[in-house]
Every structure is written in C-alpha cells, then in structure tokens.
Amino acid sequence: MTSFTLGTLNGIIIRFQFYVDSAPVTSAAFAALLPFTRQFIHARVSGHEIWTDNAPKMDIIQENASVFTEPGEIVFGPLKPARAKTSGCIGIYYGEGRGLDACNIFGKVFDEDMPLLNDLGDAIWKHGMQELTFEALE
C-alpha cells in the first residue's frame, strides 16, 4: 500500500502518499492500523498543525524523525524513545510549523488535495475539534 485517506464527518476525503523509501517501518505500521478514527484539535503554537495525542500505539523505531516539517506532511510519535514529548501523537501540518519534539515523518498530502487540507486545518482552528477517519486508499 502506498497511500491512504483522511475523511471528515461531512464527507471530505483527503489523500496522502506514504514515504515508503524514507520511512518504511512507520508507513507499514500505520497502514496495518487502518482503518481508525480519532478526534483532532488545533496546535497553533507549533504552527499550522492539527493533531491528536490519542494515536493508536505503534512500538516502532524512530526513523525520518525531525521537528522540521513541510506543509502537507503527516508525523507520528513512536513509543520510543520514552523521553519523547510526542510519543503517541499524530500531527498533520497544513502550513509552516515546527514540532515540539522529533516525530517520524511518514507521508504527505497529494498536491491537488492541499487546498482541502488547508480548509480542514482552518476549520479546526476556528471551530474546534473534529473526528477524522483514516482508511486505506484502494
């Protein structure tokens, strides 16, 4: 599997491509979790980011990890190292931002879906938490 989707309750579908070359372990582990649903909130302090601290648990290595992201990237905080402040978190950057601690950067939104991700980020910032569902892209 090379891609997945994020869906909103009102039917918006946003597509993402896995970074299978630079984050193969995280990509495979995330794909194995699909489908799942979580509540996402806004993290304006770190930039244009939506996130959850209630991610499914993945006991994987830290790979392709950084606090620096590109707009459209998705990150996951693995359980180890235990000192990581982002352990068990998923973050999605819809603009400029910098994470609180290193996370595994494992995918990016399709270029043509970036406006949908921008709209979602702004909606969560202005109106609050939203439930989002992740599914495999067939």
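A few notes on this one:
- Loop-located trypsin sites (Lys or Arg not before Pro) in the stretch 5-85 (DSSP state other than H, G, I, E, B) with a sparse environment of at most 13 neighbouring Cβ atoms within 10 Å: Lys57, Arg83, Lys85.
- For the stretch 3-100: rounded, prolate or oblate by the Cα gyration tensor [a/c cutoff 1.5]: rounded
- Between Ala123 and Phe68, the simple label model (points 7 Å from Cα in the Cβ direction) yields a spacing of 3.3 nm.
- Derived scalar couplings between HN and Hα for the stretch 5-16 equal 10, 10, x, 9, 5, 8, x, 6, 10, 10, 9, 10 Hz in order, rounded to whole Hz, by the Karplus curve 6.51 cos²θ - 1.76 cosθ + 1.60 (θ = phi - 60°), x for Gly and Pro.
- Each Lys and Arg adds +1 at its Cβ and each Asp and Glu adds -1 at its Cβ; summed about the Cα centre, the stretch 1-99 shows a dipole of about 280 debye.
- Over the chain, relative contact order from alpha-carbon pairs under 8 Å, at least 6 apart, %: 35 percent
- Residue among Ser27, Ser87, Ser66 with the largest mean-square fluctuation in a Gaussian network model of the chain, springs linking Cα atoms under 10 Å: Ser66
- One chain, two ends: Glu138 and Val20. Fully extended at 0.36 nm per residue, the span grows by 40.8 nm beyond their Cα-Cα distance.
- Note, ³J(HN,Hα) from phi for the stretch 51-63, Karplus 6.51, -1.76, 1.60, rounded to Hz, x at Gly and Pro: 7, 9, 9, 10, 6, x, 6, 10, 8, 10, 6, 8, 9
- Checking every one of the chymotrypsin sites (Phe, Trp or Tyr not before Pro) in the stretch 1-50 against DSSP loop status and a limit of 15 other Cβ atoms within 10 Å picks out no site at all.
- Mean residue ellipticity (222 nm) of the chain, computed from DSSP H runs ≥ 4 via -39,500 (n - 2.57), nearest 500: -5500 deg cm²/dmol
- Proximal lysines to Lys80, defined as alpha-carbon separation beneath 19 angstrom and excluding residues fewer than eight positions away on the same chain: Lys57
- The relative contact order of the stretch 1-62 comes to 24 percent, based on Cα pairs under 8 Å that sit 6 or more residues apart.
- Remark: the Ile61-Thr37 segment gains 6.3 nm on full extension, using 0.36 nm per residue and subtracting the alpha carbon distance.
Rule-based calculations on the coordinates, nothing more; no lab input. On a predicted model such as this, the values are computed, not experimentally measured, just so you know. Because the Cβ atoms are built from the backbone with ideal geometry, glycine has one as well, and the counts that use them run over all protein chains shown.
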